[in-house]
Amino acid sequence: MGHSLFKEVRRRLGRLPAGEEGVTGLETAIILIAFVVVASVFGYVVLTTGVFATEKGKEATMAGLSQVRTTLQQRGGVIASKSSTASTVDTVIVRVSTMAGGAPIDASDLTVSYLDADQSTYPSFIVEQINGDGDNVLEPGELFDIKVDLTSLATPLGTSADFIIMIQPVNGSALHLERTTPGSLDTYNYLG
């Protein structure tokens, strides 16, 4: 029986294709090195992308913080005043401060725009310090009134009229004030 088993094994081995050999140790080493090189390149790309994304995220965060720190905050209500001779608003007064813990804002760098249904203009305005150290820079703890002169509007601001005033610092977000004038105007009108 041992002899027939040996013959059977030999017969089956004879059916194997001739000239086929197994993988040598050198070929295995070359394949392993190729896998290591490909994995290293892939790892480098992943790490580089992660570092780049982290740096861009940091830049975006810092820019956002800078913008928030140089943002104006409305303090109190908006006042619309009219002259004694006309039934239109001559001046809109807005009291502002910096955000809590905010950075100083140079009042000479502010941009004020006025928008209503008919026009968008950049009226003149004056900044009056309510409390502070006497300079033109709005610093934490100080209050400024911004008095927007509307006397030069093509369409004067009358009663029951919607309007928007935007006060924009150089680096911060705009202070957006959307209001409606009352049905009848007094000398000073609180618009909230």
Within segment 101-108, is there a residue that is farther than 12 Å from residue 72 by Cα, of a type outside the set (Lys, Arg), modelled with pLDDT under 90 and more than 31 Å from the chain's Cα centre (by Cα)? no
Among the residues in segment 48-56, are any under 30 Å from residue 168 (Cβ atoms) and either surrounded by 10 or more Cβ atoms within 10 Å (Cβ to Cβ) or modelled with pLDDT of 65 or more (or both)? yes
May I ask you to list the residues in segment 57-87 that are modelled with pLDDT under 75, surrounded by 11 or more Cβ atoms within 10 Å (Cβ to Cβ) and of a type in the set (Ser, Thr, Tyr)? 66, 70
Please work out which one of (1) within 18 Å of residue 71 (Cα to Cα); (2) surrounded by fewer than 18 Cβ atoms within 10 Å (Cβ to Cβ); (3) of a type in the set (Phe, Trp, Tyr) is the condition residue 188 fails and give its number. (1)
If I go through segment 101-139 residue by residue, how many of them are over 24 Å from residue 80 (Cβ atoms), loosely packed, with under 12 Cβ neighbours inside 10 Å and of a type in the set (D, E, K, R)? 1
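Suppose we filter 131, 136 for residues that are touching a Ser or Thr at 6+ places or on another chain (Cβ under 9 Å) and free of Cβ contacts under 8 Å to residues at least 40 places away in the same chain; which single one remains?
Within the list 131, 136, the selection yields 136.
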Say whether the condition of being modelled with pLDDT of 80 or more and hydroxyl-bearing (Ser, Thr, Tyr) is met by at least one residue in segment 123-134. yes
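The values are calculated or read from the model by the stated rules, or taken from the named source; none is laboratory data. All values reported here derive from a predicted model rather than from experimental measurement. Here the Cβ is made from the backbone with ideal geometry for all residues, glycine too, and neighbour counts use every protein chain on show.
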